1. Quick check on my filter: what residues within region 77-88 are farther than 20 Å from MET9 by Cβ and either hydroxyl-bearing (Ser, Thr, Tyr) or exposed (fewer than 13 other Cβ atoms within 10 Å of the Cβ) (or both)?
2. Would you tally the residues in region 47-65 being more than 10 Å from ALA30 (Cα to Cα) and of a type in the set (A, V, I, L, M, F, W, C)?
3. Of everything in region 92-110, what is in contact with a strand residue (DSSP E or B) (Cβ under 9 Å, 6 or more places away or on another chain) and assigned to a helix (DSSP H, G or I)? Give them in sequence order.
4. Suppose the filter is outside the structural domain of ALA123 (by TED's automatic domain parsing), within 15 Å of MET133 (Cα to Cα) and hydrophobic (A, V, I, L, M, F, W, C); does ILE42 pass it?
5. Return the only residue of ASP8, ASP49 being of a type outside the set (Ser, Thr, Tyr) and more than 27 Å from ASN138 (Cβ to Cβ).
6. Here is a check on your reading of the model: is VAL108 under 30 Å from GLU11 (Cα atoms), touching a Lys or Arg at 6+ places or on another chain (Cβ under 9 Å) and surrounded by 12 or more Cβ atoms within 10 Å (Cβ to Cβ)?
7. Among the residues of region 111-130, write down those that are surrounded by fewer than 17 Cβ atoms within 10 Å (Cβ to Cβ) and not in a helix (DSSP H, G or I).
8. Can you tell me which condition ALA68 does not meet? The list is (1) out of contact with any His (no Cβ under 8 Å at 6 or more places or on another chain); (2) in the same structural domain as VAL27 (by TED's automatic domain parsing); (3) closer than 25 Å to ILE24 by Cα, and all the others hold.
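The values are calculated or read from the model by the stated rules, or taken from the named source; none is laboratory data. Only a predicted model underlies this, so the values are computations on that prediction, with no experimental measurement involved. Here the Cβ is made from the backbone with ideal geometry for all residues, glycine too, and neighbour counts use every protein chain on show.
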Amino acid sequence: MVEKLKQDMVEAMKNKEKERLTVIRMVKAAMDQEHIDRKREINDELLIDVVNKQIKMRKDSIAEFDKAGRTDLSEKTQSEVDMLMAYLPEQLSSEEVVKIIDEIFAEVKPEGQKDMGKVMKEATAKLKGKADMKEVSNIIKEKLQ
């Protein structure tokens, strides 16, 4: 994945794709910053973490742009999200996510809201990068009630 990012950056430069190049450079800069700040090795796991953070920030921005009626900015930011999704593993469908969460519930046997942390820990281990963790959290909260 990290090699794919580097190849895509060169390709974007050659094809003069400004928007794509900007997004790739932001991801690379965030990875380098994470590498320096937290002394994390640059690998696929770090790339997935960084891309997830970037997508989350952009989705928050899209919500704000929609509230303000700025569809132009919302569409531009959505296209950036779409570009970032290429650097994540294939996303699971909602049905697959619910199935995995059901398996986690069978293993952990939570007794209420107080066990949310235990369930989320297992869910994060199995679903990180493969599903929107905000959606996963909402499904777990719903099942715990």
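1. First pass over region 77-88, keeping only residues farther than 20 Å from MET9 by Cβ: 77-78.
Once the filter is applied, which keeps residues that are farther than 20 Å from MET9 by Cβ and either hydroxyl-bearing (Ser, Thr, Tyr) or exposed (fewer than 13 other Cβ atoms within 10 Å of the Cβ) (or both), region 77-88 yields only THR77.
2. 6
3. Result: SER94, GLU96, VAL97, ILE100.
4. Numbers: outside the structural domain of ALA123 (by TED's automatic domain parsing): yes; within 15 Å of MET133 (Cα to Cα): no; hydrophobic (A, V, I, L, M, F, W, C): yes.
No; evaluated as a whole, the condition is false for this residue.
5. On the way: ASP49 fails: more than 27 Å from ASN138 (Cβ to Cβ).
Exactly one residue qualifies, and that residue is ASP8.
6. Values: under 30 Å from GLU11 (Cα atoms): no; touching a Lys or Arg at 6+ places or on another chain (Cβ under 9 Å): yes; surrounded by 12 or more Cβ atoms within 10 Å (Cβ to Cβ): yes.
Criteria not met by VAL108.
7. Matches in region 111-130: GLU111, GLY112, LYS128.
8. (3)
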